[in-house]
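*Asks:* Please find one structure pasted underneath; my questions will follow.
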Amino acid sequence: MVTRRGLLKGSAAATLAAGIGPLPWLVSPSSAMETVTSKSPVGISDDLANPMEIHSVNGRLKADFYMEATDYTLPSGPTKLRIFNASLPGPTLRLKPGDTLELAFENRMPPNKDARKPVVTNVPNRFNTTNVHYHGFHVSPRGNSDNVYLQIEPGQSFNYVVQLPVDHPAGNYWYHPHRHGSVSAQIASGAAGMAIITGTLDDVPEIADAIERVLVLQAPIAGIDGLLESEKPIWPLDAERDFLVNGQYRPKIYIREGEVQHWRILNAGDAQFIPLRADGLEMHLVGLDGNPLPMAQQTDEFTLAPGNRANLLIKAPKTGTYALKRPAFMQGKASLPEEHLADIIVVAADDPRIAPGIKFGKEIPTGELPKNEILTDINADEVTVKRKFVLGVKDVSGFFDNTEFTINGRGFDPRRDDVVAKLGAVEEWTLINTTPFPHPLHIHVNPFQVIDINGEPDTRKPWMDTIAVPAAGTVTFRTRFVDFTGRYVMHCHILPHEDTGMMINVNIEV
Ligand SMILES: [Cu+2]
(Lines give C-alpha, C1' and ligand atoms only; values in the text may rest on other atoms or scores of the structure.)
Protein backbone atom coordinates (compact mmCIF):
# COMPACT_ATOMS: atom_id res chain seq x y z
CA MET A 1 0.00 0.00 0.00
CA VAL A 2 1.25 3.45 -0.84
CA THR A 3 0.85 5.89 2.00
CA ARG A 4 0.82 9.53 1.09
CA ARG A 5 1.74 10.80 4.51
CA GLY A 6 2.98 14.35 4.34
CA LEU A 7 3.28 14.51 0.55
CA LEU A 8 2.20 17.98 -0.40
CA LYS A 9 4.10 18.88 -3.53
CA GLY A 10 4.69 16.33 -6.23
CA SER A 11 4.06 12.68 -5.61
CA ALA A 12 6.53 9.89 -5.14
CA ALA A 13 4.02 7.42 -6.52
CA ALA A 14 3.49 9.49 -9.66
CA THR A 15 7.25 9.78 -10.18
CA LEU A 16 7.62 6.05 -9.84
CA ALA A 17 4.77 5.35 -12.24
CA ALA A 18 6.12 7.79 -14.83
CA GLY A 19 9.62 6.34 -14.57
CA ILE A 20 8.76 2.72 -15.25
CA GLY A 21 5.52 2.96 -17.21
CA PRO A 22 2.10 1.82 -16.05
CA LEU A 23 2.35 -0.41 -12.99
CA PRO A 24 0.63 -3.79 -13.06
CA TRP A 25 -2.35 -4.10 -10.78
CA LEU A 26 -1.47 -5.63 -7.49
CA VAL A 27 -3.77 -8.52 -6.67
CA SER A 28 -4.10 -9.44 -3.01
CA PRO A 29 -3.74 -13.08 -1.95
CA SER A 30 -7.46 -13.30 -1.14
CA SER A 31 -8.35 -12.07 -4.66
CA ALA A 32 -11.16 -10.05 -3.09
CA MET A 33 -9.58 -6.77 -4.11
CA GLU A 34 -7.00 -5.21 -6.38
CA THR A 35 -5.11 -2.05 -5.63
CA VAL A 36 -3.94 0.59 -8.08
CA THR A 37 -1.21 2.86 -6.79
CA SER A 38 -1.63 6.61 -6.59
CA LYS A 39 -0.39 7.96 -9.92
CA SER A 40 -0.75 10.62 -12.59
CA PRO A 41 -3.22 9.56 -15.27
CA VAL A 42 -0.98 11.17 -17.94
CA GLY A 43 2.31 9.88 -16.52
CA ILE A 44 3.94 13.28 -15.84
CA SER A 45 6.02 13.34 -12.66
CA ASP A 46 4.70 16.59 -11.16
CA ASP A 47 1.10 16.07 -12.34
CA LEU A 48 -1.69 15.67 -9.76
CA ALA A 49 -1.92 11.97 -8.90
CA ASN A 50 -5.25 10.21 -8.52
CA PRO A 51 -5.62 8.79 -5.00
CA MET A 52 -4.75 5.10 -4.74
CA GLU A 53 -7.68 2.84 -5.60
CA ILE A 54 -9.05 -0.41 -4.26
CA HIS A 55 -11.17 -2.33 -6.78
CA SER A 56 -13.61 -5.18 -6.30
CA VAL A 57 -12.78 -8.57 -7.83
CA ASN A 58 -15.42 -11.17 -8.72
CA GLY A 59 -18.14 -9.24 -6.90
CA ARG A 60 -16.22 -8.56 -3.68
CA LEU A 61 -14.14 -5.75 -2.28
CA LYS A 62 -12.56 -6.85 0.98
CA ALA A 63 -10.09 -4.45 2.54
CA ASP A 64 -8.55 -3.48 5.86
CA PHE A 65 -9.41 0.03 6.98
CA TYR A 66 -8.36 1.99 10.01
CA MET A 67 -8.54 5.45 11.48
CA GLU A 68 -5.30 6.64 13.00
CA ALA A 69 -3.75 9.88 14.24
CA THR A 70 -1.39 10.61 11.35
CA ASP A 71 1.38 13.21 11.11
CA TYR A 72 0.80 15.55 8.19
CA THR A 73 2.33 18.83 7.11
CA LEU A 74 -0.32 21.30 6.01
CA PRO A 75 0.65 24.62 4.39
CA SER A 76 -0.21 26.22 7.75
CA GLY A 77 2.17 23.89 9.59
CA PRO A 78 2.70 20.37 10.88
CA THR A 79 -0.22 18.71 12.63
CA LYS A 80 -1.85 15.37 13.35
CA LEU A 81 -4.96 14.37 11.42
CA ARG A 82 -7.63 11.76 12.10
CA ILE A 83 -7.61 10.04 8.70
CA PHE A 84 -8.27 6.66 7.09
CA ASN A 85 -5.35 4.35 6.26
CA ALA A 86 -2.78 7.13 6.85
CA SER A 87 -3.93 8.61 3.55
CA LEU A 88 -5.29 12.08 2.70
CA PRO A 89 -7.76 11.55 1.12
CA GLY A 90 -8.54 7.89 1.85
CA PRO A 91 -8.23 5.33 -0.96
CA THR A 92 -10.85 5.45 -3.73
CA LEU A 93 -13.12 2.39 -3.61
CA ARG A 94 -14.19 1.22 -7.09
CA LEU A 95 -17.19 -1.12 -7.16
CA LYS A 96 -19.80 -2.50 -9.54
CA PRO A 97 -23.56 -2.76 -8.92
CA GLY A 98 -24.25 -6.02 -7.06
CA ASP A 99 -20.84 -6.08 -5.34
CA THR A 100 -20.29 -6.77 -1.65
CA LEU A 101 -18.08 -4.31 0.20
CA GLU A 102 -16.38 -5.79 3.26
CA LEU A 103 -14.32 -3.40 5.36
CA ALA A 104 -12.49 -4.79 8.37
CA PHE A 105 -12.36 -1.50 10.26
CA GLU A 106 -10.15 -0.72 13.21
CA ASN A 107 -10.24 2.41 15.35
CA ARG A 108 -6.58 3.03 16.21
CA MET A 109 -7.17 6.43 17.79
CA PRO A 110 -5.99 7.07 21.37
CA PRO A 111 -8.59 7.14 24.18
CA ASN A 112 -10.95 10.12 24.27
CA LYS A 113 -9.85 12.91 26.59
CA ASP A 114 -13.50 13.40 27.66
CA ALA A 115 -14.29 9.68 28.03
CA ARG A 116 -15.44 10.03 31.62
CA LYS A 117 -17.89 12.89 31.01
CA PRO A 118 -21.57 12.18 30.27
CA VAL A 119 -22.44 12.67 26.60
CA VAL A 120 -24.82 15.58 25.98
CA THR A 121 -26.56 15.08 22.62
CA ASN A 122 -25.92 17.96 20.20
CA VAL A 123 -22.76 19.08 21.97
CA PRO A 124 -19.58 17.99 20.12
CA ASN A 125 -17.84 15.24 22.11
CA ARG A 126 -15.51 12.21 21.98
CA PHE A 127 -13.59 13.12 18.85
CA ASN A 128 -11.86 9.72 18.76
CA THR A 129 -15.07 7.65 18.61
CA THR A 130 -16.09 6.94 15.04
CA ASN A 131 -17.85 4.80 12.41
CA VAL A 132 -18.08 4.70 8.59
CA HIS A 133 -20.94 6.00 6.43
CA TYR A 134 -21.28 5.14 2.73
CA HIS A 135 -22.63 8.46 1.44
CA GLY A 136 -25.20 8.05 -1.33
CA PHE A 137 -25.25 4.24 -1.31
CA HIS A 138 -28.69 2.65 -1.67
CA VAL A 139 -28.06 -0.11 0.89
CA SER A 140 -29.46 -1.35 4.18
CA PRO A 141 -29.07 1.08 7.10
CA ARG A 142 -29.10 -1.78 9.60
CA GLY A 143 -26.60 -3.97 11.48
CA ASN A 144 -23.15 -4.07 9.92
CA SER A 145 -24.23 -2.18 6.77
CA ASP A 146 -24.63 1.64 6.47
CA ASN A 147 -25.48 1.97 10.16
CA VAL A 148 -24.57 5.45 11.42
CA TYR A 149 -25.75 4.74 14.98
CA LEU A 150 -22.69 2.57 15.61
CA GLN A 151 -20.10 3.92 18.03
CA ILE A 152 -16.70 2.37 17.39
CA GLU A 153 -14.57 3.31 20.36
CA PRO A 154 -10.77 3.75 20.34
CA GLY A 155 -9.18 0.30 20.26
CA GLN A 156 -12.32 -1.41 18.89
CA SER A 157 -12.74 -3.13 15.52
CA PHE A 158 -15.85 -3.66 13.41
CA ASN A 159 -16.52 -5.66 10.25
CA TYR A 160 -18.72 -3.86 7.74
CA VAL A 161 -20.55 -5.89 5.09
CA VAL A 162 -22.38 -3.63 2.64
CA GLN A 163 -24.35 -5.35 -0.13
CA LEU A 164 -25.02 -3.22 -3.23
CA PRO A 165 -28.21 -4.13 -5.12
CA VAL A 166 -27.64 -5.43 -8.67
CA ASP A 167 -29.51 -2.38 -10.03
CA HIS A 168 -27.63 0.15 -7.87
CA PRO A 169 -27.27 3.48 -9.73
CA ALA A 170 -23.76 4.04 -11.06
CA GLY A 171 -21.99 7.19 -9.99
CA ASN A 172 -19.68 9.01 -7.60
CA TYR A 173 -20.21 8.33 -3.93
CA TRP A 174 -17.95 8.70 -0.91
CA TYR A 175 -17.29 7.44 2.57
CA HIS A 176 -16.67 9.33 5.78
CA PRO A 177 -17.23 9.00 9.55
CA HIS A 178 -20.76 9.67 10.82
CA ARG A 179 -20.74 9.31 14.59
CA HIS A 180 -22.90 12.15 15.94
CA GLY A 181 -20.74 14.44 18.08
CA SER A 182 -17.43 13.81 16.30
CA VAL A 183 -18.36 14.09 12.62
CA SER A 184 -17.24 17.69 12.13
CA ALA A 185 -13.89 17.21 13.89
CA GLN A 186 -13.10 14.06 11.91
CA ILE A 187 -14.13 15.39 8.49
CA ALA A 188 -12.44 18.74 9.20
CA SER A 189 -9.41 16.54 9.76
CA GLY A 190 -9.68 14.87 6.34
CA ALA A 191 -11.27 11.48 7.10
CA ALA A 192 -12.95 10.83 3.73
CA GLY A 193 -12.50 9.15 0.38
CA MET A 194 -14.28 8.67 -2.95
CA ALA A 195 -16.32 5.55 -3.80
CA ILE A 196 -17.11 4.98 -7.47
CA ILE A 197 -19.80 2.60 -8.70
CA THR A 198 -19.06 2.02 -12.36
CA GLY A 199 -21.48 2.09 -15.32
CA THR A 200 -23.95 4.45 -17.07
CA LEU A 201 -21.86 7.60 -17.79
CA ASP A 202 -18.72 5.45 -18.08
CA ASP A 203 -20.28 3.76 -21.12
CA VAL A 204 -20.83 7.01 -23.07
CA PRO A 205 -18.21 6.75 -25.88
CA GLU A 206 -16.91 10.33 -25.50
CA ILE A 207 -16.50 9.80 -21.72
CA ALA A 208 -14.96 6.34 -22.14
CA ASP A 209 -12.39 7.93 -24.50
CA ALA A 210 -11.34 10.53 -21.90
CA ILE A 211 -8.75 10.00 -19.20
CA GLU A 212 -10.30 10.11 -15.77
CA ARG A 213 -9.28 12.08 -12.73
CA VAL A 214 -10.56 11.88 -9.17
CA LEU A 215 -10.40 15.27 -7.41
CA VAL A 216 -11.15 15.15 -3.70
CA LEU A 217 -11.41 18.73 -2.40
CA GLN A 218 -10.72 19.09 1.32
CA ALA A 219 -10.06 22.00 3.64
CA PRO A 220 -8.49 20.52 6.76
CA ILE A 221 -7.90 22.48 9.93
CA ALA A 222 -4.79 21.92 12.01
CA GLY A 223 -4.97 21.30 15.74
CA ILE A 224 -2.97 23.83 17.72
CA ASP A 225 -0.72 21.15 19.24
CA GLY A 226 -1.50 18.22 17.01
CA LEU A 227 -4.96 16.68 17.02
CA LEU A 228 -8.03 18.91 17.09
CA GLU A 229 -9.48 18.59 20.57
CA SER A 230 -12.05 21.41 20.37
CA GLU A 231 -14.90 22.43 18.06
CA LYS A 232 -13.73 26.03 18.37
CA PRO A 233 -11.38 26.22 15.34
CA ILE A 234 -13.99 24.57 13.07
CA TRP A 235 -17.00 26.59 14.19
CA PRO A 236 -16.60 29.96 12.39
CA LEU A 237 -17.70 29.50 8.76
CA ASP A 238 -14.91 31.80 7.65
CA ALA A 239 -12.19 30.00 9.63
CA GLU A 240 -8.93 30.01 7.68
CA ARG A 241 -8.49 26.77 5.77
CA ASP A 242 -5.84 24.92 3.79
CA PHE A 243 -7.59 23.99 0.54
CA LEU A 244 -6.15 20.74 -0.79
CA VAL A 245 -6.81 18.68 -3.91
CA ASN A 246 -6.06 14.99 -3.29
CA GLY A 247 -4.07 16.04 -0.21
CA GLN A 248 -1.87 18.45 -2.17
CA TYR A 249 -1.67 22.21 -1.95
CA ARG A 250 -2.06 23.97 -5.32
CA PRO A 251 -1.04 20.96 -7.43
CA LYS A 252 -0.44 21.07 -11.17
CA ILE A 253 -2.99 19.39 -13.44
CA TYR A 254 -1.82 18.61 -16.97
CA ILE A 255 -4.11 18.47 -19.98
CA ARG A 256 -3.26 18.47 -23.69
CA GLU A 257 -4.37 21.12 -26.17
CA GLY A 258 -7.71 19.98 -27.60
CA GLU A 259 -8.13 17.29 -24.93
CA VAL A 260 -11.29 16.48 -22.95
CA GLN A 261 -10.73 14.98 -19.48
CA HIS A 262 -13.37 13.45 -17.20
CA TRP A 263 -13.08 14.79 -13.65
CA ARG A 264 -14.98 13.23 -10.76
CA ILE A 265 -15.01 16.01 -8.17
CA LEU A 266 -16.03 15.69 -4.51
CA ASN A 267 -16.42 18.45 -1.94
CA ALA A 268 -15.32 16.46 1.12
CA GLY A 269 -15.05 19.56 3.31
CA ASP A 270 -16.97 19.92 6.54
CA ALA A 271 -18.42 23.40 6.10
CA GLN A 272 -17.53 25.61 3.15
CA PHE A 273 -19.24 25.59 -0.24
CA ILE A 274 -16.97 25.45 -3.29
CA PRO A 275 -18.05 27.38 -6.38
CA LEU A 276 -15.63 26.26 -9.12
CA ARG A 277 -14.24 28.12 -12.13
CA ALA A 278 -11.56 27.32 -14.69
CA ASP A 279 -11.50 30.48 -16.80
CA GLY A 280 -10.05 29.91 -20.27
CA LEU A 281 -11.15 26.25 -20.33
CA GLU A 282 -14.52 24.80 -21.28
CA MET A 283 -16.47 23.12 -18.49
CA HIS A 284 -19.33 20.74 -19.33
CA LEU A 285 -21.26 19.20 -16.42
CA VAL A 286 -22.54 15.69 -17.15
CA GLY A 287 -23.51 14.47 -13.68
CA LEU A 288 -24.47 15.68 -10.19
CA ASP A 289 -23.98 13.46 -7.13
CA GLY A 290 -22.97 10.85 -9.72
CA ASN A 291 -26.30 10.76 -11.53
CA PRO A 292 -26.26 11.82 -15.20
CA LEU A 293 -27.83 15.12 -16.21
CA PRO A 294 -30.23 14.91 -19.20
CA MET A 295 -27.51 16.39 -21.47
CA ALA A 296 -24.00 17.84 -21.11
CA GLN A 297 -24.42 21.37 -19.79
CA GLN A 298 -21.73 23.97 -20.53
CA THR A 299 -21.05 26.33 -17.66
CA ASP A 300 -18.55 28.93 -16.45
CA GLU A 301 -19.17 28.17 -12.79
CA PHE A 302 -20.96 25.61 -10.65
CA THR A 303 -21.12 25.08 -6.91
CA LEU A 304 -20.49 21.99 -4.83
CA ALA A 305 -21.98 22.17 -1.35
CA PRO A 306 -20.23 20.01 1.26
CA GLY A 307 -21.09 16.43 0.30
CA ASN A 308 -21.89 17.13 -3.38
CA ARG A 309 -20.11 15.45 -6.29
CA ALA A 310 -19.94 16.37 -9.97
CA ASN A 311 -18.90 14.63 -13.17
CA LEU A 312 -17.20 17.32 -15.22
CA LEU A 313 -15.83 17.16 -18.75
CA ILE A 314 -13.14 19.80 -19.05
CA LYS A 315 -11.79 20.82 -22.44
CA ALA A 316 -8.56 22.72 -23.07
CA PRO A 317 -8.72 24.91 -26.17
CA LYS A 318 -5.21 26.42 -26.08
CA THR A 319 -1.80 25.89 -24.46
CA GLY A 320 -1.00 27.99 -21.39
CA THR A 321 -1.34 28.01 -17.62
CA TYR A 322 -4.82 28.43 -16.14
CA ALA A 323 -6.26 28.32 -12.63
CA LEU A 324 -8.80 26.04 -11.01
CA LYS A 325 -10.33 28.51 -8.60
CA ARG A 326 -12.93 29.01 -6.00
CA PRO A 327 -13.93 32.65 -6.56
CA ALA A 328 -14.63 34.88 -3.55
CA PHE A 329 -18.31 34.56 -2.61
CA MET A 330 -20.85 34.97 0.18
CA GLN A 331 -21.99 31.84 2.01
CA GLY A 332 -25.04 33.31 3.67
CA LYS A 333 -23.67 36.24 5.66
CA ALA A 334 -20.08 34.93 5.64
CA SER A 335 -17.67 36.45 3.13
CA LEU A 336 -15.29 33.72 1.93
CA PRO A 337 -12.10 34.52 0.03
CA GLU A 338 -10.90 33.35 -3.37
CA GLU A 339 -8.93 30.10 -3.21
CA HIS A 340 -6.49 29.08 -5.92
CA LEU A 341 -7.02 25.31 -5.89
CA ALA A 342 -4.72 24.14 -8.68
CA ASP A 343 -2.75 25.22 -11.75
CA ILE A 344 -4.11 23.73 -14.95
CA ILE A 345 -1.26 23.40 -17.42
CA VAL A 346 -2.32 22.94 -21.03
CA VAL A 347 0.56 21.41 -22.99
CA ALA A 348 0.94 20.69 -26.71
CA ALA A 349 -0.97 17.65 -27.97
CA ASP A 350 2.34 15.86 -28.67
CA ASP A 351 4.17 16.93 -25.49
CA PRO A 352 6.92 14.31 -25.05
CA ARG A 353 6.39 14.12 -21.27
CA ILE A 354 3.00 12.43 -21.74
CA ALA A 355 3.48 8.69 -21.20
CA PRO A 356 3.03 6.55 -24.33
CA GLY A 357 -0.35 4.94 -24.90
CA ILE A 358 -2.34 7.45 -22.80
CA LYS A 359 -5.80 7.88 -24.32
CA PHE A 360 -6.76 11.24 -25.81
CA GLY A 361 -10.47 12.13 -25.66
CA LYS A 362 -11.49 15.12 -27.73
CA GLU A 363 -15.29 15.19 -27.87
CA ILE A 364 -18.13 16.35 -25.61
CA PRO A 365 -21.26 14.17 -25.94
CA THR A 366 -23.95 16.15 -27.75
CA GLY A 367 -27.04 13.93 -27.43
CA GLU A 368 -29.13 12.78 -24.51
CA LEU A 369 -27.08 11.14 -21.76
CA PRO A 370 -28.12 7.68 -20.50
CA LYS A 371 -30.05 7.50 -17.22
CA ASN A 372 -29.56 5.31 -14.18
CA GLU A 373 -32.50 3.07 -15.06
CA ILE A 374 -34.26 2.71 -11.72
CA LEU A 375 -34.30 6.47 -11.10
CA THR A 376 -37.33 7.30 -13.24
CA ASP A 377 -39.08 10.68 -12.94
CA ILE A 378 -41.47 10.98 -10.00
CA ASN A 379 -44.57 12.83 -11.20
CA ALA A 380 -46.98 14.61 -8.84
CA ASP A 381 -49.66 11.91 -9.18
CA GLU A 382 -47.29 9.25 -7.84
CA VAL A 383 -46.79 11.10 -4.52
CA THR A 384 -48.54 9.43 -1.56
CA VAL A 385 -47.44 11.70 1.32
CA LYS A 386 -46.25 15.32 1.59
CA ARG A 387 -44.20 16.67 4.49
CA LYS A 388 -42.61 19.98 5.47
CA PHE A 389 -39.39 20.51 7.40
CA VAL A 390 -38.36 23.86 8.87
CA LEU A 391 -34.62 24.42 9.33
CA GLY A 392 -33.78 26.71 12.22
CA VAL A 393 -31.42 27.60 15.01
CA LYS A 394 -31.99 28.42 18.67
CA ASP A 395 -30.10 29.51 21.76
CA VAL A 396 -29.56 26.81 24.36
CA SER A 397 -27.38 27.79 27.26
CA GLY A 398 -24.61 25.34 28.07
CA PHE A 399 -24.41 24.09 24.48
CA PHE A 400 -21.42 24.82 22.27
CA ASP A 401 -21.58 28.56 21.53
CA ASN A 402 -25.04 28.33 23.21
CA THR A 403 -26.34 27.06 19.89
CA GLU A 404 -28.58 24.22 18.81
CA PHE A 405 -29.47 23.80 15.12
CA THR A 406 -32.97 22.43 14.63
CA ILE A 407 -35.36 20.74 12.22
CA ASN A 408 -39.04 21.48 12.94
CA GLY A 409 -37.99 23.33 16.09
CA ARG A 410 -36.10 20.47 17.72
CA GLY A 411 -32.49 19.36 17.88
CA PHE A 412 -31.53 15.75 17.12
CA ASP A 413 -32.65 13.09 19.60
CA PRO A 414 -31.34 9.59 18.87
CA ARG A 415 -34.36 8.02 20.66
CA ARG A 416 -37.07 9.82 18.66
CA ASP A 417 -38.48 8.82 15.26
CA ASP A 418 -39.11 12.11 13.48
CA VAL A 419 -40.49 10.50 10.34
CA VAL A 420 -42.16 7.10 10.17
CA ALA A 421 -42.86 6.08 6.59
CA LYS A 422 -44.00 2.96 4.78
CA LEU A 423 -41.74 0.93 2.55
CA GLY A 424 -42.97 1.67 -0.98
CA ALA A 425 -44.21 5.17 -0.11
CA VAL A 426 -43.48 7.99 -2.55
CA GLU A 427 -43.10 11.27 -0.70
CA GLU A 428 -42.70 14.95 -1.48
CA TRP A 429 -40.70 16.91 1.06
CA THR A 430 -40.38 20.69 1.26
CA LEU A 431 -37.44 22.08 3.22
CA ILE A 432 -37.95 25.62 4.51
CA ASN A 433 -34.84 27.46 5.67
CA THR A 434 -35.53 30.18 8.26
CA THR A 435 -31.85 31.03 8.79
CA PRO A 436 -29.60 33.50 6.94
CA PHE A 437 -27.24 30.67 5.89
CA PRO A 438 -27.68 27.92 3.29
CA HIS A 439 -27.92 24.36 4.65
CA PRO A 440 -27.00 21.40 2.40
CA LEU A 441 -29.44 18.67 3.46
CA HIS A 442 -28.45 15.04 2.90
CA ILE A 443 -30.64 11.97 3.30
CA HIS A 444 -29.25 8.47 3.60
CA VAL A 445 -30.23 5.29 1.69
CA ASN A 446 -32.69 6.73 -0.88
CA PRO A 447 -31.75 9.58 -3.25
CA PHE A 448 -34.31 12.20 -4.26
CA GLN A 449 -35.38 14.04 -7.38
CA VAL A 450 -35.14 17.82 -7.05
CA ILE A 451 -38.41 19.46 -8.14
CA ASP A 452 -37.93 23.12 -7.32
CA ILE A 453 -35.61 25.56 -5.55
CA ASN A 454 -37.18 28.74 -4.11
CA GLY A 455 -40.35 27.78 -5.98
CA GLU A 456 -38.55 27.77 -9.36
CA PRO A 457 -38.74 24.38 -11.09
CA ASP A 458 -35.36 22.77 -11.78
CA THR A 459 -36.04 21.65 -15.35
CA ARG A 460 -33.16 19.16 -15.24
CA LYS A 461 -35.01 17.35 -12.41
CA PRO A 462 -31.67 16.03 -11.14
CA TRP A 463 -31.42 13.00 -8.86
CA MET A 464 -29.23 13.91 -5.90
CA ASP A 465 -28.66 12.98 -2.27
CA THR A 466 -27.41 16.35 -0.98
CA ILE A 467 -29.08 19.66 -1.85
CA ALA A 468 -28.29 23.16 -0.60
CA VAL A 469 -31.40 24.84 0.77
CA PRO A 470 -30.75 28.54 0.09
CA ALA A 471 -30.60 31.05 2.95
CA ALA A 472 -34.21 31.99 3.80
CA GLY A 473 -35.23 29.78 0.85
CA THR A 474 -36.92 26.47 0.06
CA VAL A 475 -36.28 23.20 -1.77
CA THR A 476 -38.87 20.61 -2.77
CA PHE A 477 -37.84 17.07 -3.67
CA ARG A 478 -39.57 13.74 -4.23
CA THR A 479 -38.29 10.35 -3.14
CA ARG A 480 -39.26 6.68 -3.16
CA PHE A 481 -38.63 4.57 -0.06
CA VAL A 482 -37.73 1.28 -1.70
CA ASP A 483 -35.94 -1.98 -0.87
CA PHE A 484 -34.80 -1.24 2.70
CA THR A 485 -36.58 -0.91 6.03
CA GLY A 486 -34.85 0.47 9.09
CA ARG A 487 -33.79 3.69 10.67
CA TYR A 488 -31.49 6.28 9.17
CA VAL A 489 -31.00 10.02 9.13
CA MET A 490 -31.44 13.26 7.20
CA HIS A 491 -29.11 16.06 8.25
CA CYS A 492 -27.22 19.19 7.33
CA HIS A 493 -23.85 18.48 5.68
CA ILE A 494 -22.31 21.57 7.25
CA LEU A 495 -21.10 19.17 9.88
CA PRO A 496 -20.78 21.56 12.82
CA HIS A 497 -24.56 22.05 12.28
CA GLU A 498 -25.14 18.29 12.29
CA ASP A 499 -23.12 17.74 15.46
CA THR A 500 -25.10 20.51 17.16
CA GLY A 501 -28.54 19.19 16.27
CA MET A 502 -29.60 19.62 12.62
CA MET A 503 -30.50 15.97 12.04
CA ILE A 504 -33.65 13.80 12.18
CA ASN A 505 -34.35 10.08 12.28
CA VAL A 506 -36.32 8.53 9.43
CA ASN A 507 -37.78 5.10 10.17
CA ILE A 508 -39.01 3.03 7.22
CA GLU A 509 -41.41 0.23 8.17
CA VAL A 510 -43.13 -2.54 6.22
CU1 LIG B 1 -26.54 23.60 8.13
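The values are calculated or read from the model by the stated rules, or taken from the named source; none is laboratory data. The structure displayed is predicted, hence computed values, not measured ones. For neighbour counting, all protein chains shown are included, and Cβ atoms are generated from backbone atoms with ideal geometry for every residue, glycine included. These accessible areas exclude ligands, DNA and RNA; they are computed on the full protein's heavy atoms, side chains included. Shrake-Rupley method; radii C 1.70, N 1.55, O 1.52, S 1.80 Å.
*Asks:* I need the peptides 330-339, 476-485 ranked by packing, meaning the mean over residues of other C-beta atoms within 10 angstrom, with the highest value on top.
*Replies:* 476-485, 330-339
*Asks:* Still on this structure, I have one more. For the chain, what is the convex hull (Cα atoms) projected area averaged across all directions, in square nanometres?
*Replies:* With the hull built on Cα positions only, its mean projection is 21.7 nm².
*Asks:* How much length, in nm to one decimal, is gained on full extension between GLN298 and VAL57, taken as 0.36 nm per residue of separation minus their Cα-Cα distance?
*Replies:* 83.2 nm
*Asks:* Taking only protein heavy atoms and a 1.4 Å probe, what accessible area per residue, in Å², does segment 295-406 have with all protein chains in place?
*Replies:* Each residue of segment 295-406 exposes 53 Å² on average to a 1.4 Å probe.
*Asks:* Can you give the FRET efficiency to the nearest 0.05 for GLU257 and SER230, using r as the Cβ-Cβ distance and R₀ = 41 Å?
*Replies:* 0.25
*Asks:* Which far-off residues, 5 or more places away or on another chain, put their amide H under 5 Å from the one on TYR254, with H placed in the peptide plane?
*Replies:* The list, which skips near neighbours in sequence, is LEU48, ILE345.
*Asks:* Also: Provide the packing ranking of 353-366, 120-133, 286-299, i.e. peptides ordered by the mean count of other C-beta atoms within 10 Å per residue, highest first.
*Replies:* Descending mean neighbour count gives 120-133, 286-299, 353-366.
*Asks:* Per residue, how many Å² of accessible area does segment 147-283 show with a 1.4 Å probe?
*Replies:* 28
*Asks:* For the chain, what relative contact order do you get, as a whole percent, if you take Cα pairs closer than 8 Å and at least 6 residues apart?
*Replies:* 14
*Asks:* Grab every C-alpha pair in segment 208-347, bin the distances at 10 angstrom width from 0 up to the longest one, and report whole percents.
*Replies:* P(r) over segment 208-347, rounded to whole percents: 11, 41, 32, 12, 3.
*Asks:* Quick one: 3J(HN,Hα) in Hz for segment 203-216, Karplus 6.51/-1.76/1.60 with θ = phi - 60°, rounded, Gly and Pro as x.
*Replies:* 8, 6, x, 5, 7, 4, 6, 8, 6, 10, 10, 9, 10, 9
*Asks:* In percent, how large is the relative contact order of segment 27-133, given Cα pairs closer than 8 Å and 6 or more residues apart?
*Replies:* 23
*Asks:* All other residues with a Cβ under 12 Å from the Cβ of ASP242 taken together, and with Lys, Arg as +1 and Asp, Glu as -1, what is their net charge?
*Replies:* Within the 12 Å Cβ shell, the charges total 0.
*Asks:* If amide H atoms are built 1.01 Å from N in the plane of the peptide, which residues on other chains or at least 5 residues away come under 5 Å of the amide H of ALA210?
*Replies:* none
*Asks:* Within segment 463-500, whose backbone N sits under 19 Å from a point 7 Å along Cα→Cβ of ALA425?
*Replies:* It comes to 476-491, nothing else.
*Asks:* Where a Cα-Cα gap under 16 Å defines reach, which aspartates and glutamates qualify for LYS422, not counting those fewer than 8 residues away within the same chain?
*Replies:* GLU382, ASP483, GLU509
*Asks:* Hey, another quick one. Determine Rg/Rh for segment 12-199; Rg is computed over alpha-carbon atoms and Rh is the Kirkwood hydrodynamic estimate from the same atoms.
*Replies:* Expressed as Rg/Rh, it is 0.99.
*Asks:* Pop out the ³J(HN,Hα) list for segment 129-143 in order, Karplus 6.51 cos²θ - 1.76 cosθ + 1.60 with θ = phi - 60°, rounded to Hz; leave Gly and Pro as x.
*Replies:* My calculation for segment 129-143 gives 8, 8, 6, 10, 10, 9, 5, x, 5, 9, 9, 5, x, 9, x Hz in order.
*Asks:* Also, quick follow-up: Of all the accessible heavy-atom surface of the chain, with the other protein chains kept in place and a 1.4 Å probe, what percent is carbon and sulfur?
*Replies:* The nonpolar share, carbon plus sulfur, comes to 52 percent.
*Asks:* I've got another one for you. From Cα pairs below 8 angstrom and at least 6 apart in sequence, can you work out the relative contact order of segment 383-510, rounded to a whole percent?
*Replies:* 33
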